[in-house]
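Once you've had a glance at the structure underneath, I'll fire off some questions.
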Amino acid sequence: MSPSYSVARKRVVQPDKFTLSLRLRTPLAQGWLHLSWHPTAARVTMGQPPYRGDVSEAFSFAAQASAQLKGLVLLSARLPAPWERVVQLDFGARPGEAPSKSVFCEVMAKLQPNASQLEAEDWDTGKPVVIALDPLKTPMEQAEGLFKRARKLRRAVDAVAPLLQAAQQEAEYLETVELELAQMPPGGSEQQLAALREVQDELVESKVIKPPPEAALSAKAAAKGRKAQKQQQKSAAARAGGSSKAGLNSSLAAAAAGSSGGAGLRQYESPGGFTVLVGRNNKQNDVLSHQVAKPGDIWMHVRGMPGSHTVIRVEAGREPDQGDLQFAADLAAWFSKARDAGKADVIVARAEHLKKFKGAKPGQVLVSKEESNIVARPDNSAAAQAASVLGSRDK
């Protein structure tokens, strides 16, 4: 409920002897505030207006409240003390001034002595709800017990929420792995086997599957190979005098060729002559987005679905036109779950606006700023045309 609502003129009504309803408004919105001191369903809520048939003039309290609150603004709605059973509503002439009138509403239900249950109203549905009680406890002890249980449940929700989020991220990650395997072409070429090995290594590293018996030795050899390759790249960059272009070319060549026997990134050339790189799996997507892509490069990904990361390498002094962007977006849609959808929305962002969030799986990124959105046609992509010629679903 937002403060600084004003009480609408002649709109304080009493639907029944336990409820007072006030129509509150601002220049842009309005709503109804319901104060109920019902013995078993006391509450203070914002909700729908009372039914016209329920509005009664038989109770004088509404007229008295209307006269007292006329022309005033609701400044605050609060509990006078933590876990208090009374709500205090403060009204004043205008926002920022001291309140001139206050309304207090008790929101604690009244219990019969030794009652074993309480029938109350569900505030959301209006249906009756039966709450079990301990007849040996006083009403205050009953309320304290219910509040304690509510606090415990609230803490449980706070503890479970991160676990649910992690499980959702895990499910999204496994969905991308499923897509990678589903879109691999049939056959047993060396490149396809290398791509399968990369997926296996990725699942082992993510602790989704256990490593095969021979994986320990191969993992050590691969780690040594990657370390040696990084050292060679650093040495080559130093010999080139630290030239940024040499560094970019070496990283592009390493990624395109693949490391440690990997399959390497898919590589295309746009109509304007720009290099377009597409990852084959989550591991490659991770490398492509966070290592190969440099500030100024254009990154693409199909919106709301698993798919490959796609990057347009942008050279200094040049910018891809709409034809180049559409070319890359069609590729991003083709190498995604939207392949058979006919069209898909593709996110366009600069590489410098990609972030890897805490706990992210390989290939999962956070886009801090989108540049545009392109409607892509996967069947118009260069990969689709190549597949139709070769009879394959992958180039």
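The values are calculated or read from the model by the stated rules, or taken from the named source; none is laboratory data. Note that the coordinates shown come from a computational prediction; the quantities given were computed from them, not determined experimentally. When we count neighbours, we look across all protein chains shown, and the Cβ atoms used for this are built from the backbone with ideal geometry, even at glycine. Remember, those area values only see protein heavy atoms, side chains included, never the ligands or the DNA or RNA. Shrake-Rupley method; radii C 1.70, N 1.55, O 1.52, S 1.80 Å.
Give the ranking of 203, 136 by solvent-accessible surface, highest area first, calculated with a 1.4 Å probe.
Working: 203 25, 136 160 Å².
So the residues, ranked largest to smallest area, are 136, 203.
While we're here: Which part of the stretch 355-382 falls in the paramagnetic zone of residue 166, meaning amide N under 12 Å from the point 7 Å along Cα-to-beta-carbon?
Answer for the stretch 355-382: 359-360.
Still on this structure: First measure r as the distance between the Cβ atoms of residue 190 and residue 148, then evaluate 1/(1 + (r/R0)^6) with R0 = 51 Å and state the FRET efficiency to the nearest 0.05.
Values: r = 65 Å, r/R0 = 1.27.
It comes to 0.20.
Rounded to the nearest whole Å², what accessible area per residue is found for the stretch 314-395 with the 1.4 Å probe?
Details: 4290 Å² over 82 residues.
That works out to 52 Å² per residue.
For the pair residue 159/residue 68, report the inter-label distance in nm, with labels modelled 7 Å from Cα in the Cβ direction.
Between residue 159 and residue 68, the label points sit 4.5 nm apart.
OK, next. What does the extension gain come out to for residue 345 and residue 294, with contour length at 0.36 nm per residue minus their alpha carbon separation?
On the way: separation 51, 0.36 × 51 = 18.36 nm, distance 2.36 nm.
Extra length available between residue 345 and residue 294 comes to 16.0 nm.
Between residue 208 and residue 230, what length comes free when the chain is fully extended (0.36 nm per residue of separation minus the Cα-Cα distance, one decimal in nm)?
Between residue 208 and residue 230, full extension yields 5.2 nm more.
Rounded to whole Å and sorted largest first, what semi-axes of the equivalent ellipsoid does the C-alpha gyration tensor of the stretch 314-395 yield via the square root of 5 times each eigenvalue?
On the way: eigenvalues 121, 62, 29 Å².
One finds semi-axes of 25, 18, 12 Å for the stretch 314-395.
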